[in-house]
């Protein structure tokens, strides 16, 4: 009888608490759901950085084309992309990982120029590098 009164005093009459096993099962299920959702979110961030890098490369390419129309030449390798700052672009963009782009004159495959990003690993010359000449337009 005492136990019943004690429960009624605190508003728990007829209620049963969760057992430790039930709490652990709920935590495990939440952990699994968060793992699935979290991995997809991280994957989407990676894709967004690649897309941002590709768009920045295309903007640089357009600025180089405008420079070429005004000066009858593309910026020389020694001038690089810095020739575009001011009149053609407010400031030079970085790739999706915050690294500067590389500008090559002449570019690969007989192109007049090429722009390269070191990609997610930040190391030049690896297979995750992103090249303007490889972007499908």
Across the stretch 109-123, the tally of residues that are surrounded by 14 or more Cβ atoms within 10 Å (Cβ to Cβ), in contact with a helix residue (DSSP H, G or I) (Cβ under 9 Å, 6 or more places away or on another chain) and assigned to a loop (DSSP other than H, G, I, E, B) stands at 3
Restricted to the stretch 77-100 and to residues being within 19 Å of residue 111 (Cβ to Cβ) and in contact with a strand residue (DSSP E or B) (Cβ under 8 Å, 6 or more places away or on another chain), the residue surrounded by the most Cβ atoms within 10 Å (Cβ to Cβ) is 81
Conditions (1) farther than 29 Å from residue 135 by Cα; (2) at pLDDT below 90 -> residue 29 fails only (2)
Here the residues within the stretch 62-108 that are within 20 Å of residue 134 (Cα to Cα), in contact with a helix residue (DSSP H, G or I) (Cβ under 6 Å, 6 or more places away or on another chain) and assigned to a helix (DSSP H, G or I) are 63, 108
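The values are calculated or read from the model by the stated rules, or taken from the named source; none is laboratory data. Keep in mind that what you see is a predicted model, and the values were worked out from it rather than measured. Neighbour counts run over all protein chains shown; Cβ positions are idealised from the backbone, glycine included.
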